[in-house]
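Trainee: Take a look at the following structure, please.
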Amino acid sequence: MNKRALSTIALLGATGAIVAGGVAVGAGGANEEQSATLAGKIDSSRPRNVILLIGDGMGDSEVTVGRYYGKGAAGRLNMDALPFRGSSIHYVLRPGPGPNYAPNYAGDSAPTATAWSTGKRTQDSRLSQSPSTADNVPGTNTGYRTFLEIAKEEGKATGNVSTAEITDATPAAPTSHISQRACQGPNDARNTCLSETKSRGGLGSIAEQQVDHGVDVTLGGGSNRYNQTLDNSTDTVVDYARARGFRYVTDAAGLAGVTSLAPGEKLLGLFNPSNMTTEYRPLYARTDAYLTGTPGLDPTVNGGGDNVRCTETNRPSNEPSLAAMTKKAIDLLKSDEDGFVLQVEGASIDKRDHAADLCGQIGELLSLDEAVGVAQEFQRNNPDTLIIVTADHSHTSQIISATSKPVPGAAYATVQTVDGAPLRVAYGTADTGTGPAAGGSQAHTGATVPVWASGPQAANIQGTIDQTDIFAVLNGKTPSKIAGQGTPGQAGAPGLNGTNGTNGTNGLNGTDGADGAGGAAGAGGAAGANGLNGKDGATGAAGTNGVNGRDGANGKDGRDAKVTCRLSGSRAVRCTVAYSAARAKNARLVRGGKTVATAKVSRRGAVTFKSKTKLAKGSYKLVAGGRSATLSLR
């Protein structure tokens, strides 16, 4: 982070202030009082960039299991370093005649993802569309505009990354509107959502809508959905995408080879026909009856043991990791002058929890946490970036004592953590059966899910919030005024000096002609003793000056500014110009009468000046829309 700071010297035509420095992440020591530290991380400005990371099925229990296994009892995940933390209520709605719908307290990923994507609830299986009387009766798309659609309208770059099929519920919610999540490709839609197909005048399948939305970077699994043919055509959705300016890659090497996108070009990367391969090899929880009654079991596959570690090398090299996809998406999106909005999903925390696959679940949790670390690294150099980490719903897995067993019928598995201690996890919402792999599907649960945040407006993620509340934070709220935040305004004028003290009075005649003693300083001179015909006493010393008047009141706080800026490295300054006259106008950064950088103010008032040389210390002017602010680089 560049240590130099910007401050306002003067402002011509507007009130100006510059906010320098970034938002630190991570809490201090447990013995330190944290109020001031936390207060210092509050930033009410609108974020330029937004990175939303979703752990599908990632309840507090799933987070704790992954933390204990991978970091130990005293260890911490990357997501634990995000300073603002709350819990999200995620109930969904039941079908009905409306307008009031009964709650369903444990929903699936489609309506929960719709909640943060649109700020509104809906029923199970539905994506960014209103509830209705039944699953096979479409609702309305009106009023269900998504945060990625809003970002595109504001000129921001957009990205969508998942380890699931990219047409699965969570990545589909901000990029499509459809009554049933199963309608992922055109053929799926013809079989399940016929009235919403393009040939019937609808928006088409999820895959087709994702192409039509024009998301700049789309990475995940699910090539089988994109290889389905369009209505009344032999062309596939991949063909449809290529015809609309998408570059298509299918493996890690192809993704690594994309270093930039041409103007108007977009990237589609699909790295598996279905969901992407998990990081860790499966290790299934089984019932005690199965574990004790089945001879010859491999504990690294079924049940585990006190000394069993997960096999952590399961993902093939031709599939990129979630962290690699996240970094590539950020690298390709970050150059947009209006910023970017990116959603990233670690999908198979949920999918492996459904399968009672303890090691698969752990590996996907830790994989998501690595992606969080990628986002944090970008934020360190780009503090105008908001990071939010949360989940769509909670899930089944629960830590139990390593010396106990769950009730008959419930499954469990045990692994050894980095502490060298056993960790036992139970699954009890479905029968795992008696086959070589666990059967059944463990159920979603309705407990609140964690939500963390860091960066501008992250303080809105605190306490118990509704999942729909996240929508407004993703879009950026109107900044509030925070006492003491921002660069202070100019100091008020000094107070007037106090009046001078009065002179001391003359001393009385001294004895026998001797001089009377002088008056004490500041008070009247003390009277000498009466003398006979003595000389006049010396004049008393002058009183001390009165106390200075109080300092004038401080100038307005920097948060009232019409211009705010941040340094970005040693050659760039990013500013926001809040007065409308400057919007979509050219702006100049001037020093000593010479223009050192020019840039265009975006429709939202954002402008980034990039100098060809290192910015020297001294006074600069920002000139835009007929007004100027004088700034100091020190």
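The values are calculated or read from the model by the stated rules, or taken from the named source; none is laboratory data. Remember, it's a predicted structure, so these values are computed and weren't measured experimentally. Don't worry about glycine lacking a Cβ; one is built from the backbone with ideal geometry, like all the others, and counts go over all protein chains shown. Remember, those area values only see protein heavy atoms, side chains included, never the ligands or the DNA or RNA. Shrake-Rupley method; radii C 1.70, N 1.55, O 1.52, S 1.80 Å.
Trainee: Please indicate, with yes or no, whether at least one residue in segment 58-71 is open to solvent by 10 Å² or more (accessible area, probe 1.4 Å), under 14 Å from the mean Cα position of the chain (by Cα), modelled with pLDDT of 95 or more and of a type outside the set (A, V, I, L, M, F, W, C).
Mentor: No.
Trainee: While we're here: In segment 459-477, what residues are in a loop (DSSP other than H, G, I, E, B) and either open to solvent by 40 Å² or more (accessible area, probe 1.4 Å) or farther than 20 Å from D369 by Cα (or both)?
Mentor: Q462, Q467, T468, G476, K477
Trainee: Looking at T167, T140, T114, T118 in this structure, which one is in contact with a helix residue (DSSP H, G or I) (Cβ under 9 Å, 6 or more places away or on another chain), farther than 21 Å from L474 by Cα and of a type in the set (V, I, T)?
Mentor: T167
Trainee: Tally up the residues in segment 220-252 that are of a type in the set (K, R) and either assigned to a loop (DSSP other than H, G, I, E, B) or touching a Ser or Thr at 6+ places or on another chain (Cβ under 7 Å) (or both), please.
Mentor: 2
Trainee: Scan segment 139-153 for residues that are in contact (Cβ under 8 Å) with a residue 24 or more places away in the chain and open to solvent by 50 Å² or more (accessible area, probe 1.4 Å) and report the count.
Mentor: Summing the residues that are in contact (Cβ under 8 Å) with a residue 24 or more places away in the chain and open to solvent by 50 Å² or more (accessible area, probe 1.4 Å) in segment 139-153 gives 3.
Trainee: Also, I was wondering about something else. Looking at G96 and the list (1) open to solvent by less than 30 Å² (accessible area, probe 1.4 Å); (2) within 25 Å of H354 (Cα to Cα), which single condition is not satisfied?
Mentor: With respect to (1) open to solvent by less than 30 Å² (accessible area, probe 1.4 Å); (2) within 25 Å of H354 (Cα to Cα), G96 is out only on (2).
Trainee: Mind listing just one residue for me: the one in segment 404-426 that is among the small types (G, A, S) and surrounded by 15 or more Cβ atoms within 10 Å (Cβ to Cβ) and, of those, nearest to L358 (Cα to Cα)?
Mentor: Across segment 404-426, the extreme among qualifying residues is A413.
Trainee: Within segment 444-458, can you find the residues that are open to solvent by less than 40 Å² (accessible area, probe 1.4 Å) and either among the aliphatic types (A, V, I, L, M) or in a helix (DSSP H, G or I) (or both)?
Mentor: Selection gives V449, V451, A453, A458.
Trainee: Six or more apart or on different chains, Cβ atoms under 7 Å: show the pairs whose first residue is in segment 262-287 and open to solvent by less than 30 Å² (accessible area, probe 1.4 Å) and whose second is modelled with pLDDT under 95.
Mentor: As it stands, the answer is A285/A438; R286/A438; T287/G409, since those pairs meet every condition given.
Trainee: Out of the strands (runs of 3 or more DSSP E) lying entirely within segment 327-443, which hold 3 or more residues that are farther than 26 Å from A606 by Cα and touching a residue at least 24 places away in the same chain (Cβ under 8 Å)?
Mentor: Result: 398-400, 411-416, 422-427.
Trainee: So which of R76, R4, R46 is modelled with pLDDT of 90 or more and more than 21 Å from Q457 (Cβ to Cβ)?
Mentor: R76
Trainee: Among the residues of segment 618-634, which ones are open to solvent by 50 Å² or more (accessible area, probe 1.4 Å) and more than 17 Å from R566 (Cβ to Cβ)?
Mentor: Result: S619, K621, G626, R627.
Trainee: Right, here's the next one. For segment 368-403, enumerate the residues that are open to solvent by 40 Å² or more (accessible area, probe 1.4 Å) and over 16 Å from N78 (Cβ atoms).
Mentor: Once the filter is applied, which keeps residues that are open to solvent by 40 Å² or more (accessible area, probe 1.4 Å) and over 16 Å from N78 (Cβ atoms), segment 368-403 yields N381, Q398, I399, I400, S401, T403.
Trainee: Is there any pair with a first residue in segment 57-86 that is more than 16 Å from T414 (Cα to Cα) and a second that is at pLDDT below 95 and open to solvent by less than 30 Å² (accessible area, probe 1.4 Å) whose Cβ atoms are under 9 Å apart and which are 6 or more apart or on different chains, and what are they?
Mentor: Partner pairs satisfying both residue conditions: R76/G26; D80/G26; A81/G26; L82/G26; P83/V23; P83/G26; P83/K41; F84/K41.
Conditions (1) small (G, A, S); (2) modelled with pLDDT under 75; (3) within 30 Å of A157 (Cα to Cα), marked per residue:
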position	(1), (2), (3)
A527	yes, yes, no
G534	yes, yes, no
A541	yes, yes, no
N554	no, yes, no
A561	yes, yes, yes
R574	no, no, yes
V601	no, no, yes
L615	no, no, yes
S619	yes, no, no
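Trainee: Specify the residue that is nearest to K585 (Cα to Cα); the eligible residues are those in segment 595-634 that are charged (D, E, K, R) and part of a strand (DSSP E or B).
Mentor: K600
Trainee: OK, next. For D212, state whether it is acidic (D, E), under 34 Å from the mean Cα position of the chain (by Cα), open to solvent by less than 30 Å² (accessible area, probe 1.4 Å) and under 26 Å from V258 (Cα atoms).
Mentor: The answer is no for D212.
Trainee: Run S125 past the list (1) assigned to a loop (DSSP other than H, G, I, E, B); (2) touching a Pro at 6+ places or on another chain (Cβ under 9 Å); (3) on the phi < 0 side of the Ramachandran plot; (4) free of Cβ contacts under 8 Å to residues at least 60 places away in the same chain and report the number of the one that doesn't hold.
Mentor: (3)
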